[in-house]
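Data first, discussion second: the structure below is written as structure tokens.
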Amino acid sequence: MEKPFLRPTWAEVDLTKYEANLRKVRGMVGPDVKILGILKANAYGHGAVALGQFAEEKQLCQFFGVASVEEGLELRAAGLKTPILVLGSIYPFEAFEYAIKNKLAVTIASLDAAHAVADIAAKLGIKALCHVKQDTGMGRIGTRRGGVMAVLQFLAHNPHVILDGLYSHLSSADCDPAYTEEQIGYFRDTLTNVRLHGIHINQCHLCATPGLIHRPDMVLDMVRPGHAELGLEDGFEPIMSLKTRIVYVKDVAAGASISYGRSFICPKPMKIATIPLGYGDGFLRALSNKAEVLVRGQRCRVLGNVTMDMTMLDITAVPEARVGDEVVVVGQQGQEQVRFADLARLAGTIDYELTTLLMPRVPRFYKK
């Protein structure tokens, strides 16, 4: 039974803009470079299955990237056939069995993992698709420079695996060119050793969106443009809007307090609106008394502390506002626009976090 849409808070995802963003990436990298569409963490809150199905239908991506085997299995259960790479470290190693059976390519970040995946593939009689991750300076997961060739050589000569990829991740491509050059140098050294040892790898990849923008010379065989494809990067179209409606309006006198802790005291008579959106939906409490939303095309400030399920707004400058009016929390209304990046700056975080924190109780609607 389909869930009823009763609480007027929702997100809209524009698939035509998603397609336009991926086609813009295609124009940047050329026809021969593969695009790995990032679908991890529910496509950063945008809806992994819906975006994956659309991208597959339109043939926009040659790979998808997820963080865990479970995320890959969800896409396979939804019928997606496109190659999927599990970008996260797989532990316990028994999870390799589920990945191999469902044709998920796995990240190999150590020699122990390489031995484990080969052993499990041998028992299953199914070749495992492996992408070796080299840590060139991100400091998260990955085989160190001194050990990466041992992992590559083992996998290259093992009959139970396919050495499908080699990759790394640039930690600071958008802010530290010198360190980025150092990381690239380490990766280039590995690529040189791979050639010298005659090791065949199906695709090598290094660039997420910052690398694509700032080091287009290093797009190699495949790019991972998550920030760009979702329109969070400057120059790309944001694909998700967050909307709600006014559910309550009241006039208050000077000296009235708003919300928990009395963090806002009205300095004059004001008109206050309440919207059914709060930190239980992913609208951070850190936005209290800071964020602005759009009501009838005008910016209205959040007043008082954001609560779990509701937030109050100053609509004094919009006296015609009424219960039922649409409120744009993220997106465009009239000539005004609010982006996730704007809210992220106010909250002292990044736009990825805000989209990823958007809770399942906020329904997503997809426009083609």
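Below is a table of values for the structure above.
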read-out: Relative contact order (percent, whole number), the chain, Cα cutoff 8 Å, 6+ residue spacing; value: 18 percent
read-out: The chain: most fluctuating residue of Thr143, Thr192, Thr16 per GNM, C-alpha cutoff 10 Å; value: Thr192
read-out: Whether the range 258-297 is rounded, prolate or oblate, judged on the alpha carbon gyration tensor where a/c under 1.5 counts as rounded; value: oblate
read-out: Accessible surface, the range 210-292, averaged per residue in Å² (probe 1.4 Å); value: 41 Å²
read-out: Computed magnitude of the charge dipole of the chain (debye, nearest 20; Cβ of K, R +1, Cβ of D, E -1); value: 620 debye
read-out: Helix-only [θ]222 nm of the chain, DSSP H runs n ≥ 4, -39500 (n - 2.57) each, per residue, nearest 500; value: -9000 deg cm²/dmol
read-out: Computed magnitude of the charge dipole of the range 1-136 (debye, nearest 20; Cβ of K, R +1, Cβ of D, E -1); value: 340 debye
read-out: The range 213-368: radius of gyration over Cα atoms, expressed as a fraction of 2.2 N^0.38 Å; value: 1.17
read-out: Karplus-derived HN-Hα couplings along the range 79-86 (A = 6.51, B = -1.76, C = 1.60, θ = phi - 60°), whole Hz, x at Gly and Pro; value: x, 6, 10, 4, x, 10, 10, 7
read-out: Entries of Lys34/Lys81; Lys17/Lys133; Lys250/Lys367 with Cα pairs more than 25 Å apart; value: Lys17/Lys133; Lys250/Lys367
read-out: Crossing angle, helix 111-124 versus the chain [Cα axis fit, 0-90 degrees, rounded to tens]; value: 80 degrees
read-out: Relative contact order (%) - criterion: Cα under 8 Å, at least six apart; region: the range 80-174; value: 26 percent
read-out: Degrees, to the nearest 10: 48-58 long Cα axis against longest axis of the chain; value: 70 degrees
read-out: With Cα atoms, 0 to 90° folded angle of helix 177-196 axis to the chain main axis; value: 30 degrees
read-out: Mean Cα-pair separation over length for the range 25-184, i.e. relative contact order, pairs under 8 Å, 6 or more apart, %; value: 15 percent
read-out: In sequence order, calculated HN-Hα J values of the range 281-287 (Karplus, 6.51, -1.76, 1.60; Hz; x Gly/Pro); value: 9, x, 8, 4, 4, 5, 8
read-out: Three-way shape label, the range 317-365, alpha-carbon gyration tensor, a/c 1.5; value: oblate
read-out: Residues whose placed amide H lies under 5 Å from that of Val327, excluding near-sequence neighbours; value: Thr244, Arg245, Ile246
read-out: Cα-based equivalent ellipsoid of the range 53-186: semi-axis lengths in Å, sorted from largest, via gyration tensor; value: 25, 21, 12
read-out: Thr316 long-range amide H proximity, modeled H, under 5 Å; value: Lys271
read-out: Kirkwood hydrodynamic radius (C-alpha pairs) into Stokes-Einstein, the range 1-127, 4 °C and 1.567 mPa s, D in µm²/s; value: 80 µm²/s
read-out: Heavy atoms of Glu19: accessible area, 1.4 Å probe, square angstrom to 10; value: 40 Å²
read-out: The chain - percent of accessible surface contributed by carbon and sulfur, probe 1.4 Å; value: 53 percent
read-out: Alpha carbon centroid spacing (whole Å) that separates the range 339-368 from the range 124-191; value: 31 Å
read-out: Separation in nanometres of the label points that stand 7 Å from Cα toward Cβ, at Asp309 and Ile126; value: 4.4 nm
read-out: Rg/Rg_ref, the chain, where Rg_ref = 2.2 N^0.38 Å and atoms are Cα; value: 1.15
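The values are calculated or read from the model by the stated rules, or taken from the named source; none is laboratory data. Note that the structure is a prediction, hence the values are computed from the model and not measured. Reconstructed Cβ throughout: ideal geometry from the backbone, glycine too, with neighbour counts over all protein chains shown. Accessible surface areas use protein heavy atoms only, side chains included; no ligands, DNA or RNA. Shrake-Rupley method; radii C 1.70, N 1.55, O 1.52, S 1.80 Å.
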